[in-house]
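The values are calculated or read from the model by the stated rules, or taken from the named source; none is laboratory data. All values derive from a computational prediction rather than experimental measurement. Heads up, the Cβs are rebuilt from the backbone with ideal geometry, glycines too, and the neighbour counts pull from every protein chain shown. Side chains included, ligands, DNA and RNA excluded: accessible areas come from the protein's heavy atoms. Shrake-Rupley method; radii C 1.70, N 1.55, O 1.52, S 1.80 Å.
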Amino acid sequence: MAFKRFDPEDFLVSSDSITSTLWSTGNPTLTTFFTSSVQAAGSSGNYYLSIYQTSSNLSTAQVQFDIAYANSLGSGSTWYNSIVPENSYTKTIYGQYRSMILEDENASFIFGTGTNVLTGSDFWVLSIERANYKQSLFPGSLNLKISGSGGIINLTDNSLDNPVNTFIGTSRVYQLISGSNGTAGSLAGSGYVSNSGSYGLVFPDLGTILLNPYAISQSIKVSPSRSNNSDGLNTQRLFDAISLGASFALNSQETVTSDYVFVRARNSEFNYSENPSFISGSTGEVIYSSFINQPQVYITTIGMYNDSNDLLAVAKMSRPLLKDFTKEALVRVKLDF
């Protein structure tokens, strides 16, 4: 065993972006959507509706995303207690996302930018199943079709039209617009709705999509019920519109940071060994005199230690590497995080 201290130029940090399909079907596009009557009728059904990729037994079906409806006034659902007006499931959901995204309990969600904005008192939520992606949603891969009595709209994020990252609080955000593959394309304007702002907000790092009911209602006449102390079945309304659209494409993205360490064995280095077959166990002398001036050893393992001599990482060679005074070796070790 021999030691050598690394030089600063022996280290290199590199980042690679890896994209993959998000849905558990392995297909980038979901075309069929199913719900569970058990989940919908349970206590969680008051808050959200889980969407599955298959109608088979729930022991094999997997949740792909959840639909929820949020209303700052508590409309669209029953109240927890009839003597406490407006304190309802939808108000709780609105407060949850306001705290998580806006980070201010007095703030409101604003859909759109510039002169075409709408301050929303309610919205639908598409929450992507966290187990389906490692780091974030892949901007530009979102293509969602929603169908209603007024027609069908194709929704995407505006990541290609606006490549500079924008944030709400600490969360990266894109506007949800009419178009495809991250751009409004040849459509007139920015893909917004007149006097109603954008179709929603996309938070790729949170796996969350907020839909603006006013813009959707104006386009295809799909709108939530905002009645007080009454279950408006608003999650079911959006589910029906997505099912009729029959197309929800989305991929995931992961940034893998790799540390490259270049291990250099120069011709004069690492030519001797402490292996018992190389030296005498009793005297410590080289057993074969020919190994004194013409040694031959094989590099099989590279260990990385800190200044306290603690072993931090081990790299195994794919095959033993012959080393003598006439040879130099350069081994690239890749550490992924």
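Points to keep in mind about this one:
- Selected residue (criterion: nearest to LEU102 (Cα to Cα)) from residues of region 169-193 that are touching a helix residue (DSSP H, G or I) at 6+ places or on another chain (Cβ under 8 Å) and open to solvent by 40 Å² or more (accessible area, probe 1.4 Å): GLY169
- Every pair of residues 6+ apart whose Cβ atoms lie under 7 Å, when the first sits in region 30-49 and is among the β-branched types (Val, Ile, Thr) while the second is part of a loop (DSSP other than H, G, I, E, B): THR31/ALA246; THR31/SER247
For every residue, the table says whether it meets (1) hydroxyl-bearing (Ser, Thr, Tyr); (2) open to solvent by less than 40 Å² (accessible area, probe 1.4 Å); (3) part of a helix (DSSP H, G or I); (4) under 30 Å from LEU210 (Cβ atoms).
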site: GLN236; (1), (2), (3), (4): no, no, yes, yes
site: PHE239; (1), (2), (3), (4): no, yes, yes, yes
site: LEU244; (1), (2), (3), (4): no, no, yes, yes
site: GLU254; (1), (2), (3), (4): no, no, no, yes
site: GLY284; (1), (2), (3), (4): no, no, no, no
site: ILE292; (1), (2), (3), (4): no, no, yes, no
site: MET304; (1), (2), (3), (4): no, yes, no, no
site: ASN309; (1), (2), (3), (4): no, no, no, no
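- Within region 162-178, the residues that satisfy the criterion of being within 11 Å of SER198 (Cβ to Cβ) and in contact (Cβ under 8 Å) with a residue 24 or more places away in the chain are VAL173, TYR174, GLN175, LEU176, SER178.
- Filter result for PHE3 (hydrophobic (A, V, I, L, M, F, W, C) and more than 22 Å from ILE209 (Cα to Cα)): yes
- Residue satisfying all of: in region 310-337; modelled with pLDDT of 90 or more and out of contact with any strand residue (DSSP E or B) (no Cβ under 7 Å at 6 or more places or on another chain); farthest from SER277 (Cα to Cα) among these: ASP310
- Of all residues making up region 79-123, the number that are surrounded by fewer than 16 Cβ atoms within 10 Å (Cβ to Cβ), over 22 Å from TYR214 (Cβ atoms) and in contact with an Asp or Glu (Cβ under 8 Å, 6 or more places away or on another chain): 1
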